[in-house]
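To start, the structure itself, in structure tokens.
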Amino acid sequence: MPISFKVNGKEHTLDVEEDMPLLWALRDELGLTGTKFGCGIAACGACTVQVDGTAMRSCSVPVSYADGSEITTIEGLADPDADTGGLSPLQQAWIERQVPQCGYCQSGMLMAVDALLKENPQPTDEEVGAAITNICRCGSYPRVLAAIRDVTRA
Amino acid sequence: MAFDLKKPTRRQMLVGGGLAGGALLVGVSMSGPSRRERENAIAAEGGEKFVTTWLKISPDNVTTVYVPHSDMGQGPITALAMMAADEMDADWNLVRAEQAPAEPEFANESLGLFITKGQTAPDMLAGAAETLWYNVAKFMSMQITGGSMAVRYTGQHGMRIAGAAAKEMLVKAAAARWNCAASDCEVRDSVVYLKGKNRSATFGELAVEAAEYSPSATPTFKTPDQYRIVGRPTKRFDVPGKVDGSGTYGIDARPEGMLYAALRQSPVFGGKLKRYDASEILKRRGVKKVVELPVGVAVIADNFWRAKQAAAALDIEFDTGGNDAISSASIFEGHEKALQGDSTEDVEKGDAEGALKNAAKVVEAAYRVPYLAHATMEPMNCTVWVHDGKAEVWVGTQDPLGTRARVADMTGVDYDNVKVHPLLLGGGFGRRIPYRSGFSEFPSEIDYASLIAKEVDAPVKLVYTREDDMQHDAYRIAVANTMKAGLDEDGNPVAWLNRYVYKDEPAEAPHIPYAVENQSIRYVDNPTPVPRGPWRSVAHTQHTFFNESFMDELAHEAGKDPYEFRMALLKDKPRHRAVLQLAAEKAGLGKPLPEGRVHGIAVQQSFSTIVAEVLEVSLDEDNRPRVHKVTCAVDCGRVINPDTAEAQVQSAVIYGLTAALYGQITIEGGAVTQGNFPDYRMVTLAETPVIETHFIDSGEALGGLGEPGTPPVAPALANAVFKLTGKRIRELPMSIHDLSPASGKFAQAAD
Ligand code: FES
Ligand code: FES
């Protein structure tokens, strides 16, 4: 059965198994490789995307769940209207603070933080710690926190 | 056993000659045309000329620096470009940097010179040279990133020379143009000026003429007070692509027509494929074929998920080769036995046994650390396409040229016909080196990807699941030691005896900086089939835990403050004293702390950088250690990019903290028990302490920064836990210990 959804505003229809995780549909079927594979069991957050605005770990979301929904991936996080060269203020803060090291976790990190800030625009450090459980093996956490503070306490 | 090369190749013979003659210049002997001509052919396009080894100046006055190191996020590409650009007085806005292509001409010649001059190779390369292949890689493939050596070796001995020599050539070209002396010219921001006259020419305008001159091997360097780029916080070139999803990692490779491979390999190390029946899975949607490997079967499909699901469902049996009797317990038993037996000298100074006999007090302890996986965020992967007598490789690797050599060996394709496309690495930490040590016959993902590619008529991307990655790593080795020390009446250590398992790299890791007159440091070995490899800071991880914890024990037994005790024994080590003192001052050591918190300290020199750390620790309501703050003092000689330097220390501390608190890979039935992050826990944002980093600009030889922050974390934590609980932690990780007051003596022992 074909499954249809919008990714970053663009309509896609896929004829794939219903239980294929959204992650692999995005990466291998649509070629959107910005969303990363880290663990496959919802334990690391590298694959975080937003489904209808909610952060979800796409490795553990069957593609059929996303049928009819609007998905945002890291490739769609930029805001073309922003006066920061197309990047969202969050991405800009990430560059200012030089957050990424290897960078592999950062797509998921940014998608998770972006979703958190939509829900809670001024989280305390504790609220950030409770909500952002993404693993960063490079230990970029101090700068993740600093960049979040920059955008929320400006 | 380890890997054998099948037939002598051209590379090997060159290396043999180099070894015998002792004068092989890496990469140069191979090429007919001169090194510079070859480079021009490889990387220069119309109108562009290389003026020295690693620099390219284009007509638009952009200077591109080719860096023969992988950037795993520790920023060497930017830092090395800064060093070259500063020496040449380039305008930083006109500087670009790229990872060098995987061609020998771009190999790390400064490392090569170390070898040709009869000096010893950097730690990382000198290590584990037990296979012929590794010797080949060692001498021919100098693009390895590890041992925190990018800035120390390539930067110091390569980039600065390249930059300074380039500047001299550009000035010569300008002087010839204007018919004046070189001393009449001055350089600012990528422009050469004729002093006092209204004449100038950009680097870009002068590049073609400058290329006519030979680069000087001994150009004049700037003095540190003249630096305008080095030492300033500088934004990295690679960051923008890492916030918008455009950065392409190895796992993101998508050559036209690519298929995907998932493995089903023997979980037992050294195990072999016995039988399998693929008839069922070959009926599945998207599954194209299966490829037999010595250790298992690869399933090839048109989507990774399909390949992985089919591999998991495959009817397969393995022959464990008897290795299923091996466990962590049996390995440590073997270690204990080996420690009782004959040992080999590492350090013998004075008469340690004699001094121990006459000591007023003898202190003994035995320490252990478990295996550790690297758990890079990006699981291992490698894409290979064998076609028309050629092989192409897409991979994120710490060693592009070593990878090239390895793929050539594995596919049988001639080295010259192997092309490596180096992509971003989602973490390295020592894992992404195409070399394994252990008993497995085909031990790495690069090998498997190559063998698979030979059997498939398309590019194939092999991806490890997290479970594959964690269970088939090249681990930080599990080791043990026994320590004895003698104290005199005044509590001064007079004897230090250490017997440890496995002489790993760097060679100096087990040594102590403390003034103890009589020392006997010796090692034994107890080989196991578990693959081992370098893990962030290599042998320093275990030895710093052993030595710095035991120093704390001695201070306690001597009735002295651990900080004062160390300072007294470091009387001949001013740099160690300075970092320890700075860390203590900044942390407020000895000053009152909030209720329930204590300080633990440790210091270690590794990769020419000295780091002291003070951890502020308490126990939470579940009696688990909670680290609130880590104060680091670092002497790495000089800081090139303060912004990445701070990030590197933070990163190394968090990596060390994860290992100290939770890190443990255990072997049962010859296989790894842990499979994914829930079993191999990671520190997350909520647990991250405040990390303060203070640098000392000592002007000494440059040290590394990617690793030296890691070793002191575990002993400083254990020393703090002792203060909190009276419990001496002699085995990691912390999570295996019950620290509740009911578990034993509490608190009073620590005062
Ligand atoms: S890959 Fe989805 S949470 Fe780790
Ligand atoms: S930046 Fe490397 S895993 Fe987060």
Would you pick out the residues in the range B:468-496 that are open to solvent by 10 Å² or more (accessible area, probe 1.4 Å) and hydrophobic (A, V, I, L, M, F, W, C)? B:477, B:494
Single residue of the range A:10-29 satisfying the filter (in a loop (DSSP other than H, G, I, E, B) and surrounded by fewer than 17 Cβ atoms within 10 Å (Cβ to Cβ)) that is farthest from the other protein chains (Cβ to nearest Cβ): A:18
Selection from the range B:575-595 of residues touching a helix residue (DSSP H, G or I) at 6+ places or on another chain (Cβ under 9 Å) and either surrounded by 24 or more Cβ atoms within 10 Å (Cβ to Cβ) or in contact (Cβ under 8 Å) with a residue 60 or more places away in the chain (or both) yields B:576, B:580
Could you tell me whether residue B:572 is surrounded by fewer than 19 Cβ atoms within 10 Å (Cβ to Cβ) and either assigned by TED's automatic domain parsing to the domain that holds residue B:616 or over 23 Å from residue B:499 (Cα atoms) (or both)? yes
Could you count how many residues in the range B:279-316 are among the small types (Gly, Ala, Ser) and surrounded by fewer than 18 Cβ atoms within 10 Å (Cβ to Cβ)? 3
Tell me, yes or no, whether the range B:258-268 has at least one residue that is among the hydroxyl-bearing types (Ser, Thr, Tyr), touching a helix residue (DSSP H, G or I) at 6+ places or on another chain (Cβ under 8 Å) and in contact (Cβ under 8 Å) with a residue 12 or more places away in the chain. yes
Subset of the range A:37-50 (residues that are open to solvent by less than 10 Å² (accessible area, probe 1.4 Å) and either away from ligand 2 (no atom under 16 Å from the Cβ) or assigned by TED's automatic domain parsing to the domain that holds residue A:102 (or both)): A:49, A:50
What single numbered condition from (1) within 25 Å of residue B:465 (Cα to Cα); (2) within 16 Å of ligand 2 (Cβ to nearest atom); (3) touching a residue at least 60 places away in the same chain (Cβ under 8 Å); (4) not β-branched (Val, Ile, Thr) fails to hold for residue A:101? (3)
Report yes if residue A:138 is within 16 Å of ligand 1 (Cβ to nearest atom), out of contact with any strand residue (DSSP E or B) (no Cβ under 9 Å at 6 or more places or on another chain) and at negative phi, otherwise no. yes
Inspect the range B:217-236 for any residue being more than 30 Å from residue B:86 (Cβ to Cβ) and either within 13 Å of chain A (Cβ to nearest Cβ) or among the acidic types (Asp, Glu) (or both) and give the result as yes or no. no
Among residues of the range B:234-265 being more than 16 Å from ligand 1 (Cβ to nearest atom) and of a type in the set (Asp, Glu), the residue nearest to the chain's Cα centre (by Cα) is B:238
Pick out, from the range A:66-154, the helices (runs of 4 or more DSSP H) lying fully within it that include 3 or more residues that are more than 7 Å from chain B (Cβ to nearest Cβ), open to solvent by 20 Å² or more (accessible area, probe 1.4 Å) and within 19 Å of residue A:50 (Cα to Cα). A:106-119
Kindly list the number of the only condition in (1) within 12 Å of another protein chain (Cβ to nearest Cβ); (2) open to solvent by less than 10 Å² (accessible area, probe 1.4 Å) that fails for residue B:642. (2)
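One line per residue, one yes/no per condition, for (1) within 15 Å of ligand 1 (Cβ to nearest atom); (2) within 11 Å of chain B (Cβ to nearest Cβ):
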| site | (1), (2) |
| --- | --- |
| A:35 | yes, yes |
| A:40 | yes, yes |
| A:44 | yes, yes |
| A:50 | yes, no |
| A:53 | no, no |
| A:58 | yes, no |
| A:61 | yes, no |
The range A:57-98: number of residues that are within 16 Å of ligand 2 (Cβ to nearest atom) and among the β-branched types (Val, Ile, Thr): 2
How many of the residues in the range B:689-721 are within 14 Å of chain A (Cβ to nearest Cβ) and touching a strand residue (DSSP E or B) at 6+ places or on another chain (Cβ under 9 Å)? 10
Of the numbered conditions (1) away from ligand 2 (no atom under 16 Å from the Cβ); (2) in contact (Cβ under 8 Å) with a residue 60 or more places away in the chain; (3) within 14 Å of chain A (Cβ to nearest Cβ), residue B:374 fails exactly one; give the number of that condition. (1)
Entirely in the range B:445-523, the strands (runs of 3 or more DSSP E) that have 1 or more residues that are assigned by TED's automatic domain parsing to the domain that holds residue B:404: B:460-463
In the range B:239-250, anything at the interface with chain A (Cβ under 7 Å from one of its Cβ atoms) and either surrounded by 22 or more Cβ atoms within 10 Å (Cβ to Cβ) or closer than 23 Å to residue B:639 by Cβ (or both) is listed as B:239, B:242, B:243, B:244, B:245, B:247, B:249
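The values are calculated or read from the model by the stated rules, or taken from the named source; none is laboratory data. A quick note: this is a predicted structure, and the numbers were derived from the prediction, not measured. Note that we place each Cβ from the backbone using ideal geometry, even for glycine, and neighbour counts take in every protein chain shown. SASA here: full protein model, heavy atoms, side chains in, ligands and nucleic acids out. Shrake-Rupley method; radii C 1.70, N 1.55, O 1.52, S 1.80 Å.
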